[in-house]
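Peer 1: Let me begin by handing over the structure; questions about it come next.
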Amino acid sequence: MRDTRAWSKPLVKELADDSVRPLLGPLRPWEICALEMGLSFLDDHLPGQGVGALWPVLSGYMRLEGDLGPQLRTLREVMGPLAKTGTMREKLDQYVKLPVQVRGFEPCDMLGHKPELSTVFTRRSTPYAAARHDLYRQTLQKIAPYQTASSYRPAPPGSVCSFERADGRREQVRVPETLIPAPAPAVLHAAASRVQEPIPLTRDDFQWAAAQIDKILEAYPEIENRDFVKRFEQMEALLADHAEGRLLDQQWRMTIDRLWHVVGLMNSGKSTLLDLIAFIVARRGGKVGFVLASGSDVFAKVSFLQALDIDAVPIFGRTREGVHKDRFWRSLLHDGETTFPSGLDPAAAFADDQCYLEELRLTSRTDRAPLPREERPCTGRLTVVGESGRRDCPLLSQCPSHTAARKVAEAQVWVTTAAGLASTRMPQSHIEVRVAEAAQHHLSVLLVDEADTVQQQFDDRFLLHEILSQPGRGWSHRVGDRIGQRLEHSWFLDLLNPEVTAGDKHFRRHDQALTELYRLVIASGADALRDVIAEGPFTGYSLMRRLTRSLHGLGERTDFTDKAEQEEAADYYFEEHFASLLSAPFQAPAANWAELIEAMTAAHDTRVSAQEAAEAWITTHQPAIDEAKVRGTLAEYAQLLQAGVWAARITTSFFEVAQRLHAISSSPIGDGEDFWSRQPPRDLMPFVPEQAAGNLMALQWQPNPGGDSGSFSILWLRGVGRWLLYHLHDLLTAEGIKGPHVVLASATSWMPASPRFHLDVAPNLVLREPAKARAALKESKMFFRPPRYPDGRPVFTSGTGGDPIRHAHALRTAADWICNPAPGARESLLQQARLRLADDRQQVLFTVQSTRDAQTVADYINHKTPYTALHVIRDDDPPTRHSIPRRRLPTFAASDADILVAAEGAVQRGHNILNARRVAALGAVFYLARIHPPADDATFPLSLLSREAMRRLRDPIELADPSVDPVDLARKLRHGERRRWQQRVGEPVLFSRLTDPVEHAAFVGNFLVPLHQTIGRGIRGNEPVLVYLCDAAFAPRTATLDETAADTPRTSVIVAAQQLLHGWLTDPGPTATAAQRLDHELAHACWGLASHLLDNIDWGHR
């Protein structure tokens, strides 16, 4: 955390003087300083340009001449939330209304009462804080200093201390007089500057490390991760020559420098490579970081490294640490071959969660229970009776639950998760920083495994999810209570505070919109509206789009090409009637909206009801089409129209209230913890660029158990999260601190079509599958076998229109068709498949869309077929007779079950299911559903936005050209990206309706990666696998017996995948650039065998 206010103290002091403060209106002195700092930079470096040019420069979408990186970094730190476009414009509206004598800048050519993005601000002299302009320039030449981490003395021996419980009660503890305090643990100090030398590695280095590891592991026969010498000799490494556009065998001579991308294909030894690098760097005296997929992986890695005599520690955030520790013990005690472990697990020392303070509590309550983790007074929560000030727990320096924190400063290796890296405050740090920023000061190399998954997690970390309304948990109602309490407590004098007044105004708007949307949704005749909002995230925009399409006779699952003329008419209708209302829902309505908006929002009785006014509006503006084609009733349309207006008002007012929470309440508001604590880490926000589309929001509806109501949540997109992954090596370069070398590794991180999985960093190293693994993949077979109903119709598991009953019926029909012989047949499809498999590879995988689907299929198999099945559940779900927790997947091979049923995401990574021969136990994979984004998943539009943002950030617009208008370009950029979000959120992601070539390819790319990963579960040990596609949605035309037309890339995701891969695998020709030639070689290395599998698919009857 940076001290972003110290520089402005002299100015703030002058502006806060009693003679000046009344002139500042709603703006606080520091806000004026931060705002003018931005205007000062703009006037110096973009003279004559409007304020709309500032945000794209700050975020990196546009670039100025000269080395302004350090200044931009400081400006982002100092401005904080004011650097965001919406907040800046709001503050500028207030700023221009201030008396001229307190303003350091004058707006030029302002057309109305509010500044526009094109408004230019120029410096002016002022009698107040006259030195401000010089101070602004001086401050921008420095980097904001760190805040020192809070530290407290331990409570002294013999003292009685008190602390507050969550329910407000105070409790006491007595510290023994005989306590001898342990020495304070080592502390991590920040680097003033840092230089990093590249890491050279040779075959001799790797061979030495492998031999050393094998020698050490001779003393640990229980460790399965071994035979490093053998594994290394089987690995094939190809280094990318970016200048020549080639993949070359350099005999393991490589130099890791800054950001390195390793594509480690299936069975290639990716994890082996990372372990060898970590061993070599640690033995050379460097400090290593690991970023792994899960907490269980973190403990496993710590255990392994500790066995190698490498001092490794896990790093978890305080809110999740207990969960990870619980899972460690559950796995250790439940998943082993014996009830109790036979040997010592070195990671157990870091999973000890005892609180020694328990025995010192002075309480006589008969219902005494151990302190919950969140209530333990570890740091700064104890008060010595009779004294002031806060103290630490006196046992902190020897507390078992803080073992990792105590050892982290001297550890050779830090092991954490993506969430831990981005969100966790660095323990034992002299300065307040997150682990990602601490890594810049201390680590030599950071190894990121499954980097494509980490990319998704970083994107998600900058997508806030907040429950607005739910009994005991609703943010909106908590905020309302807090405002009411504050006003009542102050005899309503706090209304003199402009921020409180504005917060109260926007909350009243928010509360009305939320209440009225509920009134619509719970009404007895609102079944259609409830169905719409239950499909997934929605916005005012998406609801109005739905209304527009219905009025034009278009369904949500209509293929664009079938009704292109009506599609274009609907787009024009939407822009004409709804676009402006949704973009500014609280502006005075246009004449054609006035009666409806008044009927909906007026505090007085109106001539007509809101429903009547909405029906009248629709009747008046009904498109000129055949009424027989119109979908739905007038009453349903009126409800949808009102819901769209209320949804737009909810999201807009939420943003306004959220910006003023600091004025409304200084204590937590939200689901039992601070609302802001679930937002992206505040100290990382100055690093991470704003999305080009700005602040984006959506609502989500979750029905309650009774089905008669539900809860609303809000999704708020705060930044380009994946940017952090690509800059883990240079976060602090602007201040002279070279971060660690970063290795991003994954099996499927080169897939240019996929915005979700592809890493936009050219690969430096490709680890090929061993020759035997390539042969196994080449021998593998894929079959298209769509199940059929008794009348011959194909079963579409993924084409049931979101109807859960139809979907479950389709799944059961598919399971029956695969497992039971058809009438007159001797063998079922499953029997036919097993006849092709070795005796010890008879178990198979059934892949479905969700955990619920897995249970549905497993239940049917166990009761209606001759086979037994286990379905995969989440680790924290209660187990049943026929379930298996995800953490126990490696034990499936030893079970008596024939079939493993799992959601694809549960099995595609991280767990190998091996038989007694140590090869894949799963001989076949049956896809009962064509996997696609679920309706309530916002990751598809989020990944598209984030990929496009990174493309623009890598190649920013150069502003050196005087003909470039940065304000106009910024406006077009924001409008285009906002439109992409609005068009995708709230509309089901349907393959057949994706007319945009980029979005179509993105769907295919996102489909191919998990397919490839899941198939990989079946080739472990270099064994071929059989893949059965058992959903007609994979190729609808081919699945339909009386259809004569062939499937195309528009109708079949398999045909589209074939086309996509063929394009990459086709020789680019002699005129190709080096980058194009390298992409061609990467395509062959990464996807050549997958293309072979798809090209040789057995289509069945076709």
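The values are calculated or read from the model by the stated rules, or taken from the named source; none is laboratory data. Owing to the predicted nature of the structure, the values given are computational and were not obtained by experimental measurement. Cβ atoms come from the backbone with ideal geometry, glycine included; neighbour counts cover every protein chain shown.
Peer 1: Is it true that ILE899 is closer than 29 Å to SER59 by Cα and not acidic (Asp, Glu)?
Peer 2: When the stated conditions are applied, ILE899 does not pass them.
Peer 1: Next question. Suppose the filter is assigned by TED's automatic domain parsing to the domain that holds LEU273, closer than 21 Å to LEU273 by Cα and surrounded by 24 or more Cβ atoms within 10 Å (Cβ to Cβ); does VAL742 pass it?
Peer 2: Yes, satisfied.
Peer 1: Are any residues in the range 980-1010 within 21 Å of the chain's Cα centre (by Cα) and at pLDDT 80 or above, and if so, which ones?
Peer 2: Once the filter is applied, which keeps residues that are within 21 Å of the chain's Cα centre (by Cα) and at pLDDT 80 or above, the range 980-1010 yields GLU999, ALA1002, PHE1003, VAL1004, GLY1005, ASN1006, PHE1007, LEU1008, VAL1009, PRO1010.
Peer 1: Here's another thing I want to ask about it. So, of the residues in the range 501-560 that are among the acidic types (Asp, Glu) and within 23 Å of PHE655 (Cβ to Cβ), which turns out to be surrounded by the most Cβ atoms within 10 Å (Cβ to Cβ)?
Peer 2: ASP504
Peer 1: Hey, does the range 469-490 have a residue that's more than 30 Å from GLY719 (Cα to Cα) and touching a residue at least 40 places away in the same chain (Cβ under 8 Å)?
Peer 2: yes
Peer 1: Another one. Sort out which residues of the range 142-180 are of a type in the set (Ser, Thr, Tyr), in a loop (DSSP other than H, G, I, E, B) and within 33 Å of the chain's Cα centre (by Cα), and write them in order of number.
Peer 2: SER150, SER151
Peer 1: Is there any pair linking a residue in the range 568-580 that is over 10 Å from THR548 (Cα atoms) to one that is assigned to a helix (DSSP H, G or I), with Cβ under 9 Å and at least six apart or on different chains, and which?
Peer 2: If the second residue must be assigned to a helix (DSSP H, G or I), the pairs left are ALA579/TYR541; ALA579/MET544.
Peer 1: Could you please find all residues in the range 749-786 being in contact with a Cys (Cβ under 6 Å, 6 or more places away or on another chain) and over 16 Å from LEU1008 (Cα atoms)?
Peer 2: ARG785, the sole residue that qualifies.
Peer 1: Among the candidates LEU362, LEU305, LEU396, LEU332, which residue alone is among the aliphatic types (A, V, I, L, M) and under 23 Å from LEU273 (Cα atoms)?
Peer 2: Sole residue among the options that is among the aliphatic types (A, V, I, L, M) and under 23 Å from LEU273 (Cα atoms): LEU305.
Peer 1: I'd like to know if the range 375-392 contains one or more residues that are closer than 30 Å to ARG888 by Cβ and in contact with a Lys or Arg (Cβ under 9 Å, 6 or more places away or on another chain).
Peer 2: no
Peer 1: Could you check the range 32-72 and list, in sequence order, the residues that are out of contact with any Leu (no Cβ under 8 Å at 6 or more places or on another chain), modelled with pLDDT of 90 or more and among the charged types (D, E, K, R)?
Peer 2: GLU36, ASP43, ASP44 - these are the residues of the range 32-72 that are out of contact with any Leu (no Cβ under 8 Å at 6 or more places or on another chain), modelled with pLDDT of 90 or more and among the charged types (D, E, K, R).
Peer 1: Considering the range 649-673 alone, what residues qualify as being modelled with pLDDT of 85 or more and more than 27 Å from the chain's Cα centre (by Cα)?
Peer 2: Residues satisfying the conditions do not exist here.
Peer 1: Can you find even one residue in the range 453-461 that is touching a residue at least 40 places away in the same chain (Cβ under 8 Å), outside the structural domain of PHE655 (by TED's automatic domain parsing) and of a type in the set (A, V, I, L, M)?
Peer 2: Yes, some residue in the range 453-461 is touching a residue at least 40 places away in the same chain (Cβ under 8 Å), outside the structural domain of PHE655 (by TED's automatic domain parsing) and of a type in the set (A, V, I, L, M).
Peer 1: Restrict the check to the range 385-393 and report whether at least one residue is touching a Pro at 6+ places or on another chain (Cβ under 9 Å) and either free of Cβ contacts under 8 Å to residues at least 60 places away in the same chain or of a type in the set (Gly, Ala, Ser) (or both).
Peer 2: Checked against the condition, which is being touching a Pro at 6+ places or on another chain (Cβ under 9 Å) and either free of Cβ contacts under 8 Å to residues at least 60 places away in the same chain or of a type in the set (Gly, Ala, Ser) (or both), the range 385-393 yields no hits at all.
Peer 1: Something else: Scan the range 1036-1063 residue by residue and report those that are in contact (Cβ under 8 Å) with a residue 24 or more places away in the chain and assigned to a helix (DSSP H, G or I).
Peer 2: PRO1036, THR1038, ALA1039, VAL1053, ILE1054, ALA1056, ALA1057, GLN1058, LEU1060, LEU1061, HIS1062, listed by residue number.
Peer 1: Go through (1) within 21 Å of ARG930 (Cβ to Cβ); (2) crowded, with 19+ Cβ neighbours inside 10 Å; (3) touching a residue at least 60 places away in the same chain (Cβ under 8 Å); (4) of a type outside the set (D, E, K, R) one by one and return the number of the condition LEU973 breaks.
Peer 2: That leaves (1) as the condition not met.
Peer 1: OK, next. Mind listing whichever residues of the range 771-792 are in contact (Cβ under 8 Å) with a residue 12 or more places away in the chain, of a type in the set (D, E, K, R) and farther than 24 Å from GLY1016 by Cα?
Peer 2: ARG788
Peer 1: Just wondering, is there one or more residues in the range 342-352 that are polar (S, T, N, Q), surrounded by fewer than 19 Cβ atoms within 10 Å (Cβ to Cβ) and more than 25 Å from SER150 (Cβ to Cβ)?
Peer 2: yes
Peer 1: Could you tell me which numbered condition ASP853 fails, if it satisfies all but one of (1) under 17 Å from ALA897 (Cα atoms); (2) touching a residue at least 40 places away in the same chain (Cβ under 8 Å); (3) of a type in the set (Asp, Glu)?
Peer 2: It is condition (1) that ASP853 fails.
Peer 1: Among LEU75, LEU58, which is the only one that is crowded, with 22+ Cβ neighbours inside 10 Å, under 24 Å from SER8 (Cα atoms), in contact with a Lys or Arg (Cβ under 7 Å, 6 or more places away or on another chain) and assigned by TED's automatic domain parsing to the domain that holds GLN94?
Peer 2: One residue alone meets the criteria, LEU58.
Peer 1: Do any residues in the range 85-106 that are closer than 18 Å to ARG123 by Cα and surrounded by fewer than 20 Cβ atoms within 10 Å (Cβ to Cβ) have Cβ atoms under 8 Å from those of residues that are at pLDDT below 90 and among the charged types (D, E, K, R), where the two are at least six apart or on different chains, and which pairs are they?
Peer 2: ASP93/LYS114; VAL96/LYS114
Peer 1: Just one of TRP676, TRP716, TRP646 is among the aromatic types (Phe, Trp, Tyr) and at pLDDT 90 or above; which is it?
Peer 2: Residue meeting the stated conditions: TRP646.
Peer 1: With the range 832-937 as the region, which strands (runs of 3 or more DSSP E) entirely inside it contain at least 3 residues that are surrounded by 21 or more Cβ atoms within 10 Å (Cβ to Cβ)?
Peer 2: 843-848, 869-873, 899-903, 922-927
Peer 1: For a quick check of your reading of the model, give me the residue pairs whose first member lies in the range 184-197 and is in a strand (DSSP E or B), whose second is not charged (D, E, K, R), with beta-carbon atoms closer than 6 Å and at least 6 apart or on different chains.
Peer 2: Short answer, once both residue conditions are applied: LEU188/ALA409; LEU188/GLN428; LEU188/SER429; ARG194/ILE737.
Peer 1: Do we have any residue at all in the range 331-338 that's crowded, with 16+ Cβ neighbours inside 10 Å, of a type in the set (Gly, Ala, Ser) and assigned to a helix (DSSP H, G or I)?
Peer 2: Yes, that holds for at least one residue.
Peer 1: Is at least one residue of the range 944-955 basic (Lys, Arg) and surrounded by 18 or more Cβ atoms within 10 Å (Cβ to Cβ)?
Peer 2: yes
Peer 1: Moving on to the next point. From the list VAL454, VAL415, which residue is closer than 20 Å to GLY286 by Cβ and out of contact with any Gly (no Cβ under 6 Å at 6 or more places or on another chain)?
Peer 2: From the options VAL454, VAL415, the qualifying one is VAL415.
Peer 1: Just a yes or no: is a residue in the range 551-565 under 29 Å from the mean Cα position of the chain (by Cα), at negative phi and in the same structural domain as LEU696 (by TED's automatic domain parsing)?
Peer 2: Yes, the range 551-565 has at least one match.
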